[in-house]
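Working notes, beginning with the structure itself.
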Amino acid sequence: MARRALGREDGLTAIAQPTLPARRAADGGFAGSALRSERSIALIRIAIVGVVMWIYLSSLGIRRSLGPAAIVILALAGLYGLVSLLVLVNGQMPSWRARVVTVLVDILLITLWVQATGGPSSEFWTLYLIVVVSAALRFRLPETLGVALGLTVLHLSLTVAQGGLERYQIVYRPTLMIATGVAVGVLAYQRGVHRRERSALEALVETRGAELGQERAEVERLRRVDTKRSEFVAIAAHEFRTPLAAVIGVLSTLKAHGDVLEDDVKAELIEGAQAQAERLSRLVEDLLTVSRIEDGVLRLHPERVKPRTLVADAERASGTSGRVQVELHRVDPVVCDADAIVRVLTNLLDNAKKYSPEGSPIEIAITQDERSVRFAVRDHGPGIDPEDREAVFERFRRLGDGAKPGAGLGLYISRGLVEAHGGEVTVGEAPEGGAEFAFTLPRRSTAEDADDWRALVTKVTAVATGTR
């Protein structure tokens, strides 16, 4: 496909302008260069006043003396130079209108000085050339040529009106002014082009550097994702292997020796295989839930349910009946996905049973405030160090030496399910030692807004789990 060719300057501008940092860099470079030019011009004003004073002081009494008007003009020029320099100390760039005014003031002071020092015969008419140079430093080529032509007309009009110059001088001076305007104007134009190109290149380098940093961050993120994926496959394969090996072993035993085995032995083998199959089923369900949480497609079914009912179902599912002590204050029914919250409570109770002394009580405290209902599960185990409290919610993360059974997905799934309801999960230290896992559910009085709530659940799930 044919592409339109771009000039060097247009090409750089087209590359650099699409990004905001590039535009800022280019604008900042132009403003800084223009401010430096203004300061240079202010210093030149002061230097010229100093040179003029030195010329007249060194030749005083030999050629001619300064009159009162010339002294006043020289004093005004010196004061104007100092003021223009002090104004630029604050680092603010004068406006375009202010720069035009300063050019007009320069022309006025030089014209008065030329008239006060001899008019057409004054040697200081060449100061007009410095005005042309200063215009080139400030403006573009057309404005510089305009200043040169205007000065030519002004000086030519004054010299013709006053007379006293040779014809070659009348031709020479305007020609020199115009030639100076063209020369310095072209140089200023090239300087502006180079400055814009440099600013565009600097902006391009900055933009490309930022993009490179983002690409490196993305590569690092993908590397971590790939590492996590490899760990996921390895751990999932390991977790699958144990129950599958047990089931396959039982089936092989029954196939080879089923005829000679006693009925109670067969029943024991079948119960063991069933337990391993259920473990495998739970693992598959956990992995599917993890996938739904991370994809932000978790679907919940809200209903109005009493907190005590949720706790009772979780006790049965976790096998902790008889060990759980419920501290239930006056709490209204909650609107939630009952299966999901039972699963959260089951995971927390299972963890409490796993990491606390055998037979020790497990406490559940349920409270509410104006905004949420809080479930707190407390055990009497060793607790969790503060530096590990956030890490326990990561996938496949298990504390200690990993000797406890489980795939390390329970707390990760619990956090995802609670955050899908708009709540949050925290871990801390129980009042009497041990760990306290707590989660909150927003209070909703009715389930009549179920459709809106499901939409909220989907959004919260995507936001809460998209970064993990």
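Points to keep in mind about this one:
- Ordered by solvent-accessible area of protein heavy atoms (1.4 Å probe), largest first, the residues Val133, Val147, Val260 come out as Val260, Val133, Val147.
- Thr309 accessible area, assembled protein chains, probe 1.4 Å, Å²: 60
- Residues whose placed amide H lies under 5 Å from that of Ala430, excluding near-sequence neighbours: Ala435, Glu436
- For segment 97-226, the direction-averaged projected area of the alpha-carbon convex hull comes to 10.3 nm².
- Segment 104-255 - percent of accessible surface contributed by carbon and sulfur, probe 1.4 Å: 67
- Computed 3J(HN,Hα) for segment 334-340, one whole-Hz value per residue from the Karplus formula 6.51 cos²θ - 1.76 cosθ + 1.60 where θ = phi - 60°, is 10, 9, 7, 7, 4, 4, 5, glycine and proline marked x.
- Here the Karplus curve 6.51 cos²θ - 1.76 cosθ + 1.60, taken at θ = phi - 60°, turns the phi angles of segment 170-181 into couplings of 5, 7, 5, 5, x, 5, 5, 4, 5, 4, 5, x Hz, with x standing for Gly and Pro.
- Residues whose amide H falls under 5 Å from that of Val373, counting only those 5 or more places apart or on a different chain, are Leu441, Arg443, with hydrogens built in the peptide plane.
- Distance from segment 97-132 to segment 176-246 (C-alpha centre basis), Å: 52
- Dimensionless Rg ratio for segment 192-285, taking C-alpha atoms and the 2.2 N^0.38 Å reference: 2.42
- Between amide H atoms placed 1.01 Å from N, distances below 5 Å from Val326 occur with Ile364, all of them 5 or more places distant or on a separate chain.
The values are calculated or read from the model by the stated rules, or taken from the named source; none is laboratory data. What you see is a predicted model, and the numbers here were worked out from it, not measured in a lab. SASA here: full protein model, heavy atoms, side chains in, ligands and nucleic acids out. Shrake-Rupley method; radii C 1.70, N 1.55, O 1.52, S 1.80 Å.
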